[in-house]
Amino acid sequence: MSALSPVSTRLAMWRADCVLAVLPLLVSSAALAQGTLPIDTIRLPPGFTISVLARVPNARAMTLGSEGTLFVGSGSAGEVHAVTLPAAGKGEAVVRRIASGLRDPAGVTFHNGALYVSAINRILRFDDIERRLADPPAPVVVTDRLPSETHHGRKFIRFGPDGKLYSNIGVPCNICEPDSSHGVIVRMNADASGLEVYARGLRNSVGFDWHPQAKELWFTDNGRDQLGDDTPPDELNHAPRAGMNFGYPYCHGGTIADPQYGSSHACREFTAPAQNLGPHVAALGMRFYTGTTFPAAYRNQIFIAEHGSWNRSKKIGYRVTLVKLEGSRAVSYETFAEGWLRGESAWGRPADVLVAPDGSLLVSDDTAGAIYRIAYTG
Ligand SMILES: [Ca+2]
């Protein structure tokens, strides 16, 4: 994201300051969902099928409520939507807009009946939301003290198995030596007290999840730009404990010294990625597959939404990839779903992945404005 012009900065500030317009609105039903998206051009492994579950404008991060409602954040659209999934995968999803006028509400997570939504420097909480989808409450401001830069300023938020609320805080630059509060993943109590850095040496992580059995954190990190088409890689990292440093801005991909900053710290000082991903693929959301309806080989393996490159002469990414683990070691990195990129033109961009209650894999797309459902039908 480039620096905002003064005019758009004023607009962003105005949007941040204005009273939230919380207007429930039935946006669409699945009857409209298939639309004109060329979904049949998506290529998947044998036995898998993809369909459009719902149309959701600018769909970014996804989370599930305890009663099964899918919540979807957005970027510049400023909206949050609730999707009531069809029972047993049949029938139509119902999409409701439950918040608007927010500043880049890209992150959503659910805890104790409440939906938490990030909005750059703020985290908001919508209490008892699943009982109030048609009449959403005004949000409670959990905190407004996260960093307010818009460059890498969207916050991906999740509650961890320790009950803490985790968020990325990206660096406000392409490459720079950040202060101690940027280039990190932080965690805090649900009321935003007790904030501490969990991991540092990141450029910008827009997706993380915990291994379903080991309960250890894994996260994607987006590599720097302007080092050529094929370097550095994006990263999948493993942070089993607090206090680890993953190398930015000194070392990229475990072995690549940064031309500007690499002389002051060696790569061996840092934790290398568990898996190097494609260069500039923009790895965003990731989830362990915890369902039971995909073949057993997928159980507890990692799906990654690759939003797609801009800083490359030939585009790559625009796909969903799969990293397989043996224990806590990554052993393969392969394409799972592709076809949003046709030549040098992309009709859609995966932003997040989530395992639905029925074991299907949901994929959000902020460009086509869609939630896809990938099912195994054998
Ligand atoms: Ca790194």
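As a proxy for reagent exposure, ranking Tyr318, Tyr289 by other Cβ atoms within 10 Å from fewest up yields Tyr289, Tyr318. Taking 7 Å steps out from each Cα toward its Cβ at Gln226 and Thr49 produces label points 4.9 nm apart. Once you reduce the stretch 317-336 and the stretch 47-106 to the center of their Cα atoms, the two points are 25 Å from each other. Taking the inverse of the mean reciprocal distance over all distinct Cα pairs, the Kirkwood hydrodynamic radius of the stretch 242-378 comes to 16.4 Å.
Overall, the ratio between the Cα radius of gyration of the chain and 2.2 N^0.38 Å, rounded to two decimals, is 0.93. Taken along its principal axes, the alpha carbon cloud of the stretch 33-97 reaches lengths of 34, 29, 20 Å, longest axis first. Under the classification rounded if a/c is under 1.5, otherwise prolate if a/b is larger than b/c and oblate if not, where does the stretch 89-191 fall, given a ≥ b ≥ c as square roots of the Cα gyration tensor eigenvalues? Prolate is the answer for the stretch 89-191, as a/c is 1.5 or above and a/b outweighs b/c. Dividing the Cα radius of gyration of the stretch 127-248 by 2.2 N^0.38 Å, with N the residue count, gives 1.16.
The relative contact order of the chain, computed from alpha carbon pairs under 8 Å that lie at least 6 residues apart in sequence, is 15 percent.
Listed values for the stretch 70-78 are Karplus-derived 3J(HN,Hα) couplings in whole Hz (6.51 cos²θ - 1.76 cosθ + 1.60, θ = phi - 60°), namely 8, 10, 10, x, 8, x, 5, 5, x, and x replaces Gly and Pro.
Return the tail of the calculated pair distribution for the stretch 305-375, meaning the percent of Cα-Cα pairs more than 19 Å apart. Before the final figure, lay out the partial values.
Values: 981 of 2485 pairs.
Result: 39 percent of Cα pairs exceed 19 Å.
On full extension, the segment bounded by Ala297 and Cys176 gains 39.5 nm, given 0.36 nm per residue less the C-alpha separation.
Derived scalar couplings between HN and Hα for the stretch 160-172 equal x, x, 8, x, 8, 8, 9, 8, 6, 10, x, 7, x Hz in order, rounded to whole Hz, by the Karplus curve 6.51 cos²θ - 1.76 cosθ + 1.60 (θ = phi - 60°), x for Gly and Pro. Distance between the pseudo-spin-label points of Ser264 and Lys315 (7 Å out from Cα toward the beta carbon): 3.7 nm.
About its Cα centre, what dipole magnitude does the chain give when the only charges are +1 on Lys and Arg Cβ and -1 on Asp and Glu Cβ, stated in debye to the nearest 20? Don't skip to the answer; put the middle values down first.
Details: 36 positive and 36 negative charges, 63 e Å.
Using Cβ point charges on Lys, Arg, Asp and Glu, the chain gives about 300 debye.
Ordering Ser74, Val171, Ala257 by the projection of their Cα atoms onto the charge dipole of the chain, which places +1 on the Cβ of Lys and Arg and -1 on the Cβ of Asp and Glu, puts Ser74 at the extreme positive end. Reported to the nearest whole Å, the Cα centre-to-centre distance from the stretch 216-265 to the stretch 115-172 is 26.
Label zone (Arg145, point 7 Å along Cα-to-C-beta; backbone nitrogen cut-off 16 Å) within the stretch 187-210: 187-197.
Every read-out reported here was derived from the displayed coordinates using simple, explicitly stated rules and does not represent laboratory data. The structure presented is a predicted model; accordingly, all values stated were derived computationally and were not measured. Heads up, the Cβs are rebuilt from the backbone with ideal geometry, glycines too, and the neighbour counts pull from every protein chain shown.
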